[in-house]
1. Evaluate the following for A129: is it part of a helix (DSSP H, G or I) and under 23 Å from E63 (Cα atoms)?
2. Name the residue that is most open to solvent (accessible area, probe 1.4 Å), counting only residues in segment 115-126 that are in a loop (DSSP other than H, G, I, E, B) and touching a helix residue (DSSP H, G or I) at 6+ places or on another chain (Cβ under 6 Å).
3. What number of residues in segment 2-33 are in contact with a Lys or Arg (Cβ under 8 Å, 6 or more places away or on another chain) and part of a helix (DSSP H, G or I)?
4. Determine which member of the set Q89, Q27 is open to solvent by 10 Å² or more (accessible area, probe 1.4 Å), among the polar types (S, T, N, Q), without any contact (Cβ under 8 Å) to a residue 24 or more places away in the chain and touching a helix residue (DSSP H, G or I) at 6+ places or on another chain (Cβ under 7 Å).
5. When you scan segment 72-84, do you find a residue that is of a type in the set (S, T, Y), open to solvent by less than 30 Å² (accessible area, probe 1.4 Å) and out of contact with any helix residue (DSSP H, G or I) (no Cβ under 7 Å at 6 or more places or on another chain), even just one?
6. Given the structure, is G52 of a type outside the set (A, V, I, L, M), without any contact (Cβ under 8 Å) to a residue 60 or more places away in the chain, out of contact with any Ser or Thr (no Cβ under 7 Å at 6 or more places or on another chain) and open to solvent by less than 20 Å² (accessible area, probe 1.4 Å)?
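The values are calculated or read from the model by the stated rules, or taken from the named source; none is laboratory data. Predicted model only: the values in this text are computed from it and were never measured. All Cβ positions, glycine included, derive from the backbone under ideal geometry; neighbour counts span all protein chains shown. In case anyone asks, the SASA skips ligands and DNA or RNA and just uses the protein heavy atoms, side chains included. Shrake-Rupley method; radii C 1.70, N 1.55, O 1.52, S 1.80 Å.
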Amino acid sequence: RVLPPEAQARMLAELGYQGIGYTGTQQIPEMLAALDKFGLKMFSTYVGATVGPNGPTVEPGLEQAVAALKGRDTILWLFIRGNAPDAQQQAVEITRQVADLAAAADLRVALYPHFGFYVDRIEVALRVAEQARRPNVGVSFNLCHFLRVGDAANLEQRLREALPQLMLVSINGAD
C-alpha cells in the first residue's frame, strides 16, 4: 500500500528529510503540492525508456510530468532498458528526446546504469551521454548496480571517468 502524497510528505518532514527522490510520472502535481506544503523538494524522479525492435519509447506521462516540474531543479533520473541490434543508436535518440523536453522546462537528465538493462554500466551511460550531445545530460552512479555488474576492482577509475558528468550518486542497497 502506497501512502497518499500528503502523508508521504508529512512523514518525510517529521523524519527530518529535505525532500524526496520520486519514482515515475504519476501524481507529480499532487506530490509537488504536498511537498510544497511541508517545505520539501523533489530532487529527482526515476523514469524509464525502452529500446527495442519497434524503436525507442518513453514512460507514459513524461510530458505532463516535465510540465509540472518546470523550473523546480528536479533531475529526471532516466533508465533505459531493452535491446535491439541498434540499441545504442536508439538509446542516444531517446536520451536526446528526453533531454530536449527537459531543457524546455529547465530540467536535467541523469542516465541511470541499472543491472540487466541496456544502460547497465557507467561506461555505457557515459557513451550515451556523450553521443547525445545535450548540455543538460549527465550520468548517475548507483553502487549496488555497479557491484552487481562485477566491476568492483575498477570502482575508483570508473568514478573518475564519470566525475565530469556525474549528477547523482546512490549508495543504498549494497552490502
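1. In short, yes.
2. It comes out as F115.
3. 3
4. Q27
5. The answer is yes, given that some residue of segment 72-84 is of a type in the set (S, T, Y), open to solvent by less than 30 Å² (accessible area, probe 1.4 Å) and out of contact with any helix residue (DSSP H, G or I) (no Cβ under 7 Å at 6 or more places or on another chain).
6. Criteria met by G52.
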